[in-house]
Amino acid sequence: MLQLYNASLRSRLLLGTARYPSPAVLTQAVRAAGAEVVTVSLRRESAGERAGQGFWALIRELGVLVLPNTAGCHSVKEAVTTAHMAREVFGTCWIKLEVIGEDDTLQPDVFGLTEAARILCAEGFEVFPYTTEDLVVADRLLSAGCGVLMPWAAPIGSGRGLNNLFGLTALRAHFPGVPLIIDAGLGVPSHAAHALELGFDAVLVNTAVAQARDPVQMAAAFAQAVEAGLAARLAGPIEPRDFAVPSTPVIGTAFHG
Amino acid sequence: MRILVNGAWRETAGAELAAVLLELGYGEKVVATAVNGEFVAAGLRTGTTLAEGDRLEVLSPMQGG
């Protein structure tokens, strides 16, 4: 089971809810993914619009846990205020904390992130910080009170997979007891399988599913990939080697000796 | 009174936040509010008075990643 704060989850696949072709496809994708946690957000909406209310009704019908984000926030103040607003609207103390520092890569501002995490953890939020693979930042976030870390694989929506394999492997090795969820940048199910094989606890995927030609089928494919990756991790993968090792026994080979 | 609602200037008759939300048509909607960058909890909207030029944010649930 995956333990995220007080929640015990069977699924290792968290799903974002943005950029699907329709609400119906989103619903089917969440079911096909077997996701137990979906991410949501808050946006400005005029009084006449109904999209936000319809979306929230749809999510509640799915019966999954919601993880609100602070996407689009560029300062500690914005992120903290957005977290307060999300807690009231969504009725959860979970917050996926994003403080964006750079617009081309949507790279987290790790200085603002750690400060916002400290404030929100002290206020009783259960913070899921969107961070990089930096070990020192990870340590600061844990000291601030975070019980989960969400390192990026690659820039949000880029689909590039595990960009810094060495850094991510080091992060996993340094914090063996901390739930680590790969967030952002995965493109295909093999990326997700790889993350689980490396020992990451779960992955969060949005664009790779939502923008696929068939999002529902892709959601199912990611679900299979995380299952396979976890099973492989538990089974104990072999170490890579530089030279061939015959898999067929050589003793008794004909025509030799 | 003129206030900035979600980045657009609006003219309102009332000054109390709860009344302003009703006036603007947000009455039945699930929203969260902030005034001048500070969160105002739903329970405090009655009793929170807006002033000319205040910035009001009214946010609704939305898809997110």
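The values are calculated or read from the model by the stated rules, or taken from the named source; none is laboratory data. Because the structure is a prediction, the values reported are computed rather than measured. A quick note on method: Cβ atoms are made from the backbone with ideal geometry, for glycine too, and the neighbour counts reach across all protein chains shown. Just so you know, the surface numbers come from the protein's heavy atoms only, side chains and all, with ligands and any DNA or RNA stripped out. Shrake-Rupley method; radii C 1.70, N 1.55, O 1.52, S 1.80 Å.
Computed from backbone phi with θ = phi - 60° and the Karplus coefficients 6.51, -1.76 and 1.60, the 3J(HN,Hα) list for the range B:36-46 is 6, x, 10, 4, 10, 5, 3, x, 9, 5, 7 Hz; x is used for glycine and proline.
Prolate is the label for chain B, because a/c, from the alpha-carbon gyration tensor with a ≥ b ≥ c as root eigenvalues, is 1.5 or above and a/b exceeds b/c. Working from label points 7 Å from Cα in the Cα-to-Cβ sense, the B:A19 to B:A42 distance is 2.2 nm.
What the phi angles of the range A:22-33 give under the Karplus curve with 6.51, -1.76 and 1.60, with θ = phi - 60°, is a coupling list of 7, x, 5, 5, 4, 4, 5, 5, 4, 5, 5, 6 Hz, glycine and proline written as x.
A simple spin-label model places the labels of A:T248 and A:Q217 3.8 nm from each other, with each point 7 Å out along Cα-to-Cβ. Less than 5 angstrom separates the built amide H of A:F128 from those of A:I95, A:K96, A:L97, all sequence-distant by 5 or more or on a different chain. Which FRET efficiency value, to the nearest 0.05, do you get for A:S8 and A:L135 by plugging their Cβ-Cβ distance into 1/(1 + (r/R0)^6) with R0 = 25 Å? Efficiency for this residue pair is about 0.35. Mean-square fluctuations from a GNM of chain A, with a 10 angstrom spring cutoff on Cα atoms, peak among A:F111, A:F125, A:F166 at A:F166. Here the Gaussian network model covers chain B, with springs between Cα atoms less than 10 Å apart; of B:G43, B:G27, B:G14, B:G43 fluctuates the most.
Our compactness index for the range A:112-175, the C-alpha radius of gyration over the empirical 2.2 N^0.38 Å, is 1.14.
For B:N36, neighbours were defined as the other residues whose beta-carbon sits under 14 Å from its Cβ, and their charges (Lys and Arg +1, Asp and Glu -1) total -3. Working from label points 7 Å from Cα in the Cα-to-Cβ sense, the A:F111 to A:L142 distance is 2.4 nm. Considering only trypsin sites (Lys or Arg not before Pro) in DSSP loops that have at most 14 other Cβ atoms within 10 Å, the longest stretch of chain A without any of them is A:51-159.
Principal-axis analysis of the Cα atoms of chain A puts helix A:76-90 at an angle of about 80° to the longest axis. Distance between the C-alpha centres of the range A:120-176 and the range A:31-73: 23 Å, rounded to the whole angstrom. Helix A:110-122 versus the longest principal axis of chain A: what angle, 0 to 90°, nearest 10, using Cα atoms? The angle comes out at about 70 degrees. Restricting the calculation to Cα atoms, the protein assembly as shown yields a radius of gyration followed by a Dmax of 22.8, 102 Å. Estimated at 0.36 nm per residue, the fully extended path between A:F166 and A:Q53 surpasses their Cα-Cα distance by 36.4 nm. The candidates A:S8, A:S75, arranged from most to least accessible area with a 1.4 Å probe in the full protein assembly, appear as A:S8, A:S75. The angle between the Cα long axis of helix A:135-144 and the main principal axis of chain A comes to about 40°, on a 0 to 90 degree scale.
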